[in-house]
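Data first, discussion second: the structure below is written as structure tokens.
The values are calculated or read from the model by the stated rules, or taken from the named source; none is laboratory data. Keep in mind the model is a prediction, meaning the values are calculated, not measured. Quick reminder, even Gly has a Cβ in these numbers, built from the backbone with ideal geometry, and neighbours come from all protein chains shown.
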Amino acid sequence: MNSIFNEDSIRKYLSVNDKRSIYVFESIDSTNSFAKQLASEGTPDKTLVVADTQTNGRGRLGRSFCSPSGGNIYMSVILRNLSIEDGQLITSCMAAATASAIDELCDTETKIKWVNDIFLNGRKICGILTEGSVDVKRGVLEYVVVGIGINLKSIKNTFTPELLDIATSIEDETGKLPDRCVLIARILRNIDLYIKNISNGNFIQEYRERSFIVGKRIAVLKHDEERMAYAVGIDDGAGLIVRYDDGTTDILNSGEARILKYGEK
Ligand code: BTN
């Protein structure tokens with residue numbers, strides 16, 4: 001581990017008024033799974049779960065998330081009191097909040113690949129998995145769990161060659177290893193700020209400016225089928241506006257878009 005990692009080492013960077021519950025694990029299967037369990041038992045808004053390593057880190061679309069120990073961030077935050085409408089913006093809003101925290105602390109210029117992968121110098125440094133539960137009777141979100149995984153430490157000796165092709169880390173790109181407790185606190189502060197303003201959509205302009213996909217040729221994955229398209233823009237609901245090669249257009253609110261490699265049609 002690159003520094004002491006416990007509740008106190010995180011809390012010392014939070015405001016004294018921040019009384020959220022914090023759970024820190026040396027190892028856990030998945031901070032999101034644990035946070036979902038806590039949330040379903042009624043744990044309060046803003047509760048934080050972090051771990052030094054995950055044995056079953058989970059990514060979007062059922063993928064796994066490689067989670068080596070010793071200095072990276074694997075964190076999940078429980079959010080309550082969000083409307084269904086806010087819920088549709090939460091994924092992109094959290095990406096903007098996290099990207100801006102990384103840039104503030106690491107002096108980087110991160111980009112966001114729709115929906116919420118954070119890229120640095122063309123490769124992924126952070127993935128976000130948002131999971132929630134809807135209270136059908138009341139028509140509101142019971143809770144949302146925002147799970148954030150960031151590669152801080154060099155991944156050169158831990159990731160497979162396939163992953164090294166698409167992923168990188170803050171240390172590999174900047175030569176510096178930020179203190180993860182400081183970064184966790186900065187992300188929490190940004191999450192609070194961005195959530196407060198989520199309904200007015202203020203973050204959308206920042207989300208657009210950070211886009212790593214707009215203007216590029218992409219393959220849209222839908223129902224196990226890839227369709228070639230051009231990424232035209234981001235709409236006011238953070239949806240991706242695409243133009244397919246047959247000339248039809250669409251706005252994507254979920255799913256997956258892959259940026260085509262040089263030479264791919
Ligand atoms: C993705 O890239 O597809 C999303 C990855 C999300 C990973 C984070 S790490 C903390 C939290 N716990 C998990 O099991 N997943 C998320």
*Among the numbered criteria (1) crowded, with 17+ Cβ neighbours inside 10 Å; (2) in a loop (DSSP other than H, G, I, E, B), which single criterion is violated by I112?*
(2)
*When the residues of segment 11-47 are filtered to those that are out of contact with any Lys or Arg (no Cβ under 9 Å at 6 or more places or on another chain) and of a type in the set (F, W, Y), which remaining residue is farthest from V144 (Cα to Cα)?*
F25
*Collect the residues in segment 51-68 that are modelled with pLDDT of 95 or more, more than 17 Å from I166 (Cα to Cα) and surrounded by fewer than 17 Cβ atoms within 10 Å (Cβ to Cβ), keeping them in residue-number order.*
T53, T55, N56
*Among the candidates S9, S15, S33, which residue alone is more than 18 Å from S169 (Cα to Cα), in a helix (DSSP H, G or I) and more than 13 Å from the ligand (Cβ to nearest atom)?*
S9
*Among the residues of segment 109-123 satisfying the criterion of being touching a Leu at 6+ places or on another chain (Cβ under 9 Å) and not aromatic (F, W, Y), which is nearest to the ligand (Cβ to nearest atom)?*
N116
*For segment 142-161, state whether one or more residues are touching a residue at least 40 places away in the same chain (Cβ under 8 Å), more than 16 Å from the ligand (Cβ to nearest atom) and assigned to a strand (DSSP E or B).*
yes
*Those residues that are within 14 Å of Y207 (Cβ to Cβ) and assigned to a loop (DSSP other than H, G, I, E, B), I need them from segment 233-252; list them, please.*
D235, D236, G237, A238, G239
